Amino acid sequence: MKKLLVILLFTGLIAGCYYDNEEALYPVLDQACDTTGVAFAKSILPILQTNCLGCHGTNQAAASGSGIDLGTFSSLKQVAVSGRLFGAIVQDANHFPMPRGGFKLDTCSITKIKIWIDKGALNN
Ligand code: HEC
């Protein structure tokens, strides 16, 4: 019985330590952030569709997105150039952290959104 406990404990320790280093496991993913030619349709819209429009889509915003419509370009652009979009996704102290109730966006997505905003948040 004691032996079994020791074996279980040991296996637990190994399993616990092995899988928690994301950088070591996915080095290629981290380096694969392609920021050449960042454009709205190609780079930004897919991120919003996956992470934001479920609540902030034009038809969802009133009920689930606090009235903030990110599905209509003109409205999205306003939120973007005002700094609210970026503040929310980097989760700074002055904004509600987004996506609400979910994981922070990955660094690559945040970088692309920053580039797009810095270039004037164009509908390109
Ligand atoms: C589960 C629903 C939900 C999701 C998903 C979501 N939001 Fe929100 N968002 C809200 C709600 C509700 C608010 C109002 C503040 C609050 O209650 O957290 C809000 C507020 C905001 C604000 C205003 C923040 C401020 O402090 O000015 C911005 C900008 C925003 N969301 C952008 C986003 C972006 C970008 C995403 C995707 C990365 C996203 N949201 C995902 C529901 C959501």
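The values are calculated or read from the model by the stated rules, or taken from the named source; none is laboratory data. No experiment lies behind these values; they were computed from the predicted model shown. Quick reminder, even Gly has a Cβ in these numbers, built from the backbone with ideal geometry, and neighbours come from all protein chains shown. The protein model used for the area step is the full one, side chains on, heavy atoms only, and it has no ligands, DNA or RNA in it. Shrake-Rupley method; radii C 1.70, N 1.55, O 1.52, S 1.80 Å.
Any chance segment 110-121 includes a residue that's among the acidic types (Asp, Glu), free of Cβ contacts under 8 Å to residues at least 12 places away in the same chain and open to solvent by 60 Å² or more (accessible area, probe 1.4 Å)?
Narrowing segment 110-121 to residues among the acidic types (Asp, Glu): 118.
Next, only the ones that are free of Cβ contacts under 8 Å to residues at least 12 places away in the same chain stay: 118.
In the following step, the residues that additionally are open to solvent by 60 Å² or more (accessible area, probe 1.4 Å) were identified as 118.
Yes, some residue in segment 110-121 is among the acidic types (Asp, Glu), free of Cβ contacts under 8 Å to residues at least 12 places away in the same chain and open to solvent by 60 Å² or more (accessible area, probe 1.4 Å).
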* Asked: In segment 96-121, which residues are hydrophobic (A, V, I, L, M, F, W, C) and either in a loop (DSSP other than H, G, I, E, B) or at positive phi (or both)?
  -> Phe96, Met98, Phe103, Leu105, Ala121
* **Members of segment 84-109 that are of a type outside the set (D, E, K, R) and more than 9 Å from the ligand (Cβ to nearest atom)** => Val90, Gln91, Ala93, Phe103, Thr107, Cys108
* Which one of Ile44, Ile89 is surrounded by 19 or more Cβ atoms within 10 Å (Cβ to Cβ), touching a Pro at 6+ places or on another chain (Cβ under 9 Å) and touching a residue at least 24 places away in the same chain (Cβ under 8 Å)? -> Ile89
* Asked: How about segment 62-86: which of its residues are in contact (Cβ under 8 Å) with a residue 40 or more places away in the chain and open to solvent by 80 Å² or more (accessible area, probe 1.4 Å)?
  -> Val81
